[in-house]
1. Find how much the distance from LYS225 to ILE174 grows on full extension, using 0.36 nm per residue of separation minus their present alpha carbon separation; answer in nm with one decimal.
2. Would you please give the FRET efficiency between ASN155 and ASN75, computed as 1/(1 + (r/R0)^6) with r the Cβ-Cβ distance and R0 = 41 Å, to the nearest 0.05?
3. Return the equivalent ellipsoid semi-axes of the stretch 112-193 as a descending list in whole Å, where each equals the square root of 5 times an eigenvalue of the C-alpha gyration tensor.
4. Kindly provide the helix-only [θ] at 222 nm of the chain, computed as the sum of -39,500 (n - 2.57) over DSSP H runs of four or more divided by all residues, to the nearest 500 deg cm²/dmol?
5. When ligands, DNA and RNA are left out and all protein chains stay put, how many square angstrom of accessible area per residue does the stretch 132-226 have with a 1.4 Å probe?
6. Would you work out what percent of the accessible area of the chain, with all protein chains in place, is carbon or sulfur (probe 1.4 Å)?
7. If you place +1 on the Cβ of every Lys and Arg, -1 on the Cβ of every Asp and Glu, and leave all else neutral, what size is the dipole of the chain about its Cα centre, to the nearest 20 Debye?
8. Using only alpha carbons, build the gyration tensor for the stretch 99-155 and give me the equivalent ellipsoid semi-axes, biggest first, whole Å.
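The values are calculated or read from the model by the stated rules, or taken from the named source; none is laboratory data. Quantities reported herein were computed from a predicted structural model and do not represent experimental measurements. Here Cβ is always computed from backbone atoms with ideal geometry, including for glycine, and neighbour counts include all displayed protein chains. The protein model used for the area step is the full one, side chains on, heavy atoms only, and it has no ligands, DNA or RNA in it. Shrake-Rupley method; radii C 1.70, N 1.55, O 1.52, S 1.80 Å.
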Amino acid sequence: MAAKGWFILKLLMFQGLFISRPQEDFDFFYFVLQWPGASCDTNRPCCYPTSGKPAADFGIHGLWPNYNDGSFPSNCNPDSQFDRSQISDLVSSLKQNWPTLACPSNEGFKFWEHEWEKHGTCSESVMDQHEYFENALKLKDKADLLQILTNSGINPDDGFYNLKKISNAIEDAIGFTPGIECNKDSERNNQLDQIYICVDTSGTEFIECPVLPRGRCPTRVQFPKF
């Protein structure tokens, strides 16, 4: 009986290693910003939020926990549902800096709910819901991408720019290499779509990316108007 009891105890301890390991373990964040001119210049529908056309600026897409091998956790805690009351003091800033372009037109809460439940719940080991959105807003303040690019003569004027020049301008400003994703408009022009900046596990400091997203961009890309 003693041997059997010891076996059961060891089994429970072994299982406990997996039960106690946080589901939201991850290695870094992708902080992802999207250019609305590219998002709205494709074949998929684009709608302005109920508050009106967003500013011609990069908007937050999300703050995404990632693993060093390029994979990522998602929907880590179904019990941690989005609660708009927890971010009531941030809503005005979120509408400005994290606007929705989804159809039909809406305030943005559906977008933020999706980002929290898919990605934010996987970072609860380091931040709660309010901190998740607040940290993303602070990161955007630290990386004013539009200002960075225009300072280097890269403007949203439908012109085509060297991809390396875009990357170098951002790296010179923030100190780290960004990831860049492109999409294609209805005329098959490759457009600057999303910028990925890597962030440490605290969700507050930029770092060099352990792995860059597999963005498909040619050597020259269009920076479309919005």
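1. 15.9 nm
2. Once rounded, the FRET efficiency stands at 0.60.
3. They are 29, 17, 11 Å, listed from largest to smallest.
4. That comes out to -9500 deg cm²/dmol.
5. About 47 Å² of surface per residue is accessible.
6. Carbon with sulfur: 50 percent of the solvent-accessible area.
7. 620 debye
8. The answer is 26, 18, 8 Å, longest axis first.
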